[in-house]
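Each remark here refers to the structure printed beneath this line.
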Amino acid sequence: MIVADLLAADSLQLRLHTPSSVERLAQEISWCAPTEIMDPTPFLSPNVLLLTNGIGLNVEDERTWAAYVERLVAARVSAIAFGTGTAHRLVPRGLVRAATEQEMPLLEIPRVVPFLQVHRHVTNVLQSEYFASTTRSWELAEMCAGLAASGASLGEILGALAEETGAELAIFDVSGAVIASFPASGVWTHSDLEGVAAGRREGVVPLPMGGGDSFHLVARGSSAEHPVATLLGPAASIIAVQLQTALNSASQREQELERLLDMVPDWNGVALEEFSRGFAATGLDPAGDTYVVTATAGHANLSHAWRLRLILHELFEDVRLVVRAGTLYSFAQVPIPSADSSGGVLKPLFRRLRQEMPRQPLVVKGPCNSVDEFRLGVHQAGEMVTAVSQPTLAPELAIGALVASSVTRGARTSAQKLLAPVIAYDQEHTGHMMHTLRTYLAHDGQPSRACARLFIHRNTLAQRLAKLERLLNLRLNTLEGQATCLMALRILET
């Protein structure tokens, strides 16, 4: 019910005494408050229709009227309904001026219309609207339950609700960050969670998750006839169940996943057969294709972790997640048919991640067609995620993972012997040869880039490289020489 509805009720015969905008006449009315005191604001709630005969308002000073209306505006009163004939034959001029200046709709209740009739009319309309909105809210909840039962994702349920209510929807986590929204392109801020803007149909509905998790469903810009928070109340329970299902299904077998990650770098101590048994213990299929996604974890990236869970859950039937040493490891198998296009699910997955998490350090690797390839992929993605600043596709092969998986005791001994003269020279001369070698190789053997990083002249670099070639007994201006040194350094760092 809005203020304009009162003016349209012929039985009430109300007359508007103030010029009022469309927005003010569209202000919602939540209930009636009959009062005759000078300051009723301690007893008022927002969007109330104030009913008064002005019995306690026999004042002539216009400043008193201005202060009276100012208090009502601050309390977010929707309108004043002033009854004439009891204490005032006409609506006081000072009240009209004050209401006009402060854009407060002022309605006159004629003497022939009892206050009780106005109060009863508003109460009946509000009860009727409440019944209609409650009925509609349970219809929406039933729709959401049907979608959930048919296997719809959380995004699809939000989309259906948005279409029915005409609102933009978002789910905020405990840190005030958005983890899911519809449409996905919508921009949300923490102010959308903190409150509702005046004159806009918005709502904040807590999701009954249980435990320590705290999530809120927020709607804005609704075109529905009923309060959007009321409409979404029952549906919020269905959304909470879907959200909890997505999180629980992705976090199962955490201990097995941690043991598997312990096995990944122990190439000499854990054979492939043992690693395969550890892989199977997580519930993943050793014969299936596995996609690996790594992301930086921590409190600052909490919302990204939730969002990643939901994206994977929407695209894959089987998802596992575990956080280890500041990195979130995600493993996914069995793409959902609707997400698996002719080119596979990798492109849709990477597109979603770049669209919804554009600035998140994140690496995607896959599909890994065997347990052995999966082991290499996990090692590679775990190393890469510390060096990227946005969603990145891992290459098919990385030298770091290859070196780590193939290092033997003999290879390590040979690497130590190759670099021993350089290490000894640095210890004896307090030199920078090893640092120079690492920097030169890290910058692809390009002298200009290496000089800039080392803050030395090109001639100084040339002298150091010549000295390194004599110590190593190989040429650093050849691909073979550079690759040999790079492999030796990687072996010693592994």
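The values are calculated or read from the model by the stated rules, or taken from the named source; none is laboratory data. Since the model is a prediction, treat every value here as computed from it, not as a measurement. All Cβ positions, even for glycine, are placed from backbone atoms using ideal geometry, and neighbour counts span all protein chains on display. Just the protein is used for accessible areas: all its heavy atoms, side chains included, with ligands, DNA and RNA removed. Shrake-Rupley method; radii C 1.70, N 1.55, O 1.52, S 1.80 Å.
Here are some notes:
- Crossing angle, helix 346-356 versus the chain [Cα axis fit, 0-90 degrees, rounded to tens]: 50
- Cut-off 11 Å between beta-carbons: net charge of the residues surrounding Leu140, Lys and Arg +1, Asp and Glu -1: -3
- Taking 21 Å as the straight-line reach from the Cα of Lys417, the lysines in range (excluding those fewer than 8 positions away in the same chain) are Lys467.
- Subtracting the Cα-Cα distance of Ser11 and Asn473 from 0.36 nm times their residue separation leaves 155.8 nm of extension gain.
- Point-to-point label distance, Lys347-Thr430, nm (Cα→Cβ direction, 7 Å offset): 6.0
- Solvent-accessible area, 1.4 Å probe, carbon plus sulfur percent, for the stretch 84-126: 50
- Spacing of the two label points (7 Å from each Cα toward its C-beta) at Val73 and Ile336, in nm: 5.1
- Gyration tensor (alpha-carbon) shape descriptor, the chain, a/c threshold 1.5: prolate
- Cβ-defined net charge surrounding His121, 15 Å radius [Lys, Arg +1; Asp, Glu -1]: -2
- Of the peptides 348-356, 454-462, the order by per-residue mean of other Cβ atoms within 10 Å, starting with the highest, comes out as 348-356, 454-462.
- FRET E, pair Arg111, Glu225, Förster distance 41 Å, beta-carbon r, rounded to 0.05: 0.75
- Linear extension gain, Val174 paired with Ser237, 0.36 nm per residue minus alpha-carbon span: 21.0 nm
- Summing Cβ point charges (Lys, Arg +1; Asp, Glu -1) relative to the Cα centre of the chain gives a dipole of roughly 1800 debye.
- Shape class of the stretch 77-178 from the Cα gyration tensor (axes a ≥ b ≥ c, square roots of the eigenvalues): prolate, since a/c reaches 1.5 or more and a/b is larger than b/c.
- Sparse-neighbourhood loop sites, GluC sites (Glu not before Pro) in the stretch 64-123 - DSSP loop, at most 16 other Cβ within 10 angstrom: Glu103
- Once the C-beta distance of Arg453 and Leu397 is scaled by a Förster radius of 22 Å, the resulting FRET efficiency is 0.25 to the nearest 0.05.
- Under 18 Å from the Cα of Lys347 - lysines, other chains or at least 8 residues apart: Lys365
- Nearest 10 degrees, 0 to 90: helix 254-263 Cα axis against the chain principal axis: 20
- Environment charge at Ala98 (Cβ cut-off 12 Å; Lys +1, Arg +1, Asp -1, Glu -1): -1
- From helices alone, the chain scores -15500 deg cm²/dmol at 222 nm; the rule is -39500 (n - 2.57) for each run of n ≥ 4 DSSP H residues, then divide by the residue total.
- The stretch between Thr41 and Arg97 holds 18.1 nm of extra length on full extension. This uses 0.36 nm per residue minus the Cα-Cα distance.
- Cα shape, the stretch 49-112, gyration tensor, a/c 1.5 rule: oblate
- Centre separation in Å (Cα based) which lies between the stretch 449-493 and the stretch 26-104: 85
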